[in-house]
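Where a number appears in this text, it was derived from the coordinates with a stated rule and is not lab data. What you see is a predicted model, and the numbers here were worked out from it, not measured in a lab. Every residue, glycine as well, gets a Cβ built from its backbone with ideal geometry; the counts of neighbours run over all protein chains shown.
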Amino acid sequence: MTRILLACAAFAASTIPGAAFAQSQPAQAAPQSETRANFAAKIDSAFNNVDTNHDGNVTKAEIQALQTKELQDMQTRQQQQMDAEFKKLDTNHDNSLSVAEFKAAARPLPAPAPDEPLKRLDTNKDGKISKDEYRAPKLADFDKADANHDGTLTVAELQAIAKRQ
Ligand SMILES: [Ca+2]
Ligand SMILES: [Ca+2]
Ligand SMILES: [Ca+2]
């Protein structure tokens, strides 16, 4: 079941970096069949999330803005987690475990890399990802998974992808 959900999530939300897309998907209670039209609508809503000025193209700056925001969210969460862990470790509350030292030991987060999704998705190399460019690889994945080509991914078809992964 988890594998199926993962497959669905990876499916709908894999291409442009990110957690933001995954978070924008509603949580699914159970594996469900998925029509191509529904799937395309999900892809579009993921695209619109990144296309902040809604001109139908995702530019490098828009990807970078999203990545920077995700990074900041991640850093905030990491800081909060470390503050909580510090309090737990400093059991006698004398602050002898320095917060600075503790935080310095944390793994650095990766820098945003907007070029990578651009390189992958910008098939006509105009420096922007259009909605069609964004849709194409995902819809191709959908068609590949739609074994009987009836335009709907059934739970069984989703299970089959999960098994292949
Ligand atoms: Ca745009
Ligand atoms: Ca393009
Ligand atoms: Ca099918």
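Here are a few things to note about the model shown:
- Highest average packing first - 93-99, 58-64, Cβ atoms within 10 Å: 58-64, 93-99
- Members of Lys42/Lys163; Lys131/Lys163; Lys60/Lys144; Lys60/Lys119; Lys42/Lys138; Lys119/Lys163 lying beyond 21 Å, as alpha-carbon distances in this model show: Lys42/Lys163; Lys131/Lys163; Lys60/Lys144; Lys119/Lys163
- Within segment 104-156, trypsin sites (Lys or Arg not before Pro) in DSSP loop having at most 10 other beta-carbon neighbours inside 10 Å: Lys125
- Segment Ala147-Arg36, extension gain: residue separation times 0.36 nm, minus the distance between their alpha carbons: 38.7 nm
- Relative contact order for segment 29-165, counting Cα pairs under 8 Å that sit 6 or more residues apart, in percent: 37
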